[in-house]
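Visitor: One structure, pasted below without further comment.
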Amino acid sequence: MTIVTSDGATLRAFAEAVLRAATETLDEVAPVVMAVIGGVLAEAEPGSIALQSQDGGPGLLWATFAGRRIVFRYNAMTAMIELRADTAEGFPLRLFGRRSLQMDIVNFFGALHRERRSDL
């Protein structure tokens, strides 16, 4: 079931669910979650953010960037946030975790920003 109240409330629900799932790696996961949430809030198309429940996990965060649907999923086994385009299955396009550089996240969302600006 997908629940959308507002983009901010949906992002908060995803962040809280991920942080609850990451109890053993919380210090490593919290900064990554906050950076990804900030990037989604800044760059996703307004009203496109939705949280889909998932058995045994914090759920899937869906958002649209420059017309492209992206899903974010927290993998508790690797303590990483996985990004995929249009599907929750298959090999991730990006992985964000404790070893990700700040610039990895900035570059990902910055590219989406440039892509969105070129469509205007």
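Visitor: Can you pull out the residues in region 96-111 that are crowded, with 16+ Cβ neighbours inside 10 Å and not in a helix (DSSP H, G or I)?
Guide: Residues satisfying the conditions are 96, 97, 100.
Visitor: Every residue in region 42-78 that is surrounded by fewer than 16 Cβ atoms within 10 Å (Cβ to Cβ), among the aliphatic types (A, V, I, L, M) and touching a residue at least 12 places away in the same chain (Cβ under 8 Å), please.
Guide: Matches in region 42-78: 42 only.
Visitor: Given the criteria surrounded by 19 or more Cβ atoms within 10 Å (Cβ to Cβ), free of Cβ contacts under 8 Å to residues at least 40 places away in the same chain and under 13 Å from residue 109 (Cβ atoms), does residue 81 qualify? Full working, then the answer.
Guide: Working: surrounded by 19 or more Cβ atoms within 10 Å (Cβ to Cβ): yes; free of Cβ contacts under 8 Å to residues at least 40 places away in the same chain: no; under 13 Å from residue 109 (Cβ atoms): yes.
Considered against the rule, which asks whether it is surrounded by 19 or more Cβ atoms within 10 Å (Cβ to Cβ), free of Cβ contacts under 8 Å to residues at least 40 places away in the same chain and under 13 Å from residue 109 (Cβ atoms), residue 81 comes out as no.
Visitor: When region 47-57 is examined, which residues are found to be at pLDDT below 90 and not charged (D, E, K, R)? It would help to see each step written out before you state the result.
Guide: Of the residues in region 47-57, the ones at pLDDT below 90 are 54-57.
Those that are at pLDDT below 90 and not charged (D, E, K, R): 54, 56, 57.
Visitor: Can you tell me which residues in region 9-40 are touching a Leu at 6+ places or on another chain (Cβ under 7 Å) and surrounded by fewer than 16 Cβ atoms within 10 Å (Cβ to Cβ)?
Guide: Correct list: 26, 30.
The values are calculated or read from the model by the stated rules, or taken from the named source; none is laboratory data. All of these numbers come straight from a predicted model, not from anything done at the bench. So basically every Cβ, Gly included, is an ideal-geometry build from the backbone, and we count neighbours across all protein chains shown.
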